[in-house]
1. Of 145/195; 79/212; 145/230, which ones are farther than 24 Å apart at the Cα?
2. In the P(r) worked out for segment 114-157, what percent of Cα pairs fall beyond 13 Å?
3. How much length would be gained if the chain were fully extended between residue 199 and residue 57, taking 0.36 nm per residue of separation minus their Cα-Cα distance, in nm to one decimal?
Amino acid sequence: MEEGVDQAAAASIADELQINRIRKSSAASLPACYLQLDAEGLSLVEGSHTLRGDFARFLPRLVPNNLNHELLVRAARMKGAQGPLTAVDATAGLGEDAFLLAAAGFQVRLYERNPVIAALLQDALHRGMRNPELAPVISRMHFQKGDSIRELPRLDFMPDIVVLDPMFPERKKSGLIRKKFQMLHQLESPCSEEKELLEAALSCHPGRIVIKRPLKGPCLADRKPSYSLKGRAIRYDCIVPPRTSGQKGNADDPDS
């Protein structure tokens, strides 16, 4: 923690995460990996590397021609949908996928169960609401702490889309994962509850489940998708459950 930051916010974060507060200027030494709250917001620091939620860097991607070509937006789009669409990002992380969906007009509920990642996400959302360019998008993002495996079956609405982006396992034949993902791996291990996560997503009767996977990786829980959209390094597997009354649009169109 640095001088001049919101002391109440720092105390709240420390209490919630049950961690000690250290004034950086007076600390003789710091842990190898620590949370830092400064004028730029909350970040996770390891050596010379910093991990901070930052929605402002997505602004160039919000230009309509750019946004419409985002692979996730294409995977989530529903032809002929009437009224606002709803999405649940069940593995929110730092909220990047949810932000793109909100920019595309979805009302998005976000779930993140890791308390440190959740704190980073909340801080990014709060900062983003102070940015006039970001605020209209972030106002459609509704974050809730919690494990989506438990929370999805309790939803009081049927979402149009459920997005699953479980942490990828490290790929032995590829180069080193970017430092950002190395730091996230320290906080949250690759998903070991694939079947439970997919069953939870199916339980809330969405129009479509959109699953982010490595381009050549296996299907989540070995469930074959209805179709897939492929990019250069990743793909989105789309599962279309049986139709349920009250759902909007054509969930079966892969690029609607």
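1. Numbers: 145/195 21 Å; 79/212 21 Å; 145/230 31 Å.
Pairs exceeding the cut-off: 145/230.
2. Values: 584 of 946 pairs.
In whole percent, the long-distance tail amounts to 62.
3. Working: separation 142, 0.36 × 142 = 51.12 nm, distance 3.39 nm.
Length gained, residue 199 through residue 57: 47.7 nm.
No value in this document is a laboratory result; all are computed from the given coordinates. As the structure is a computational prediction, the values presented were derived from the model and not from experiment.
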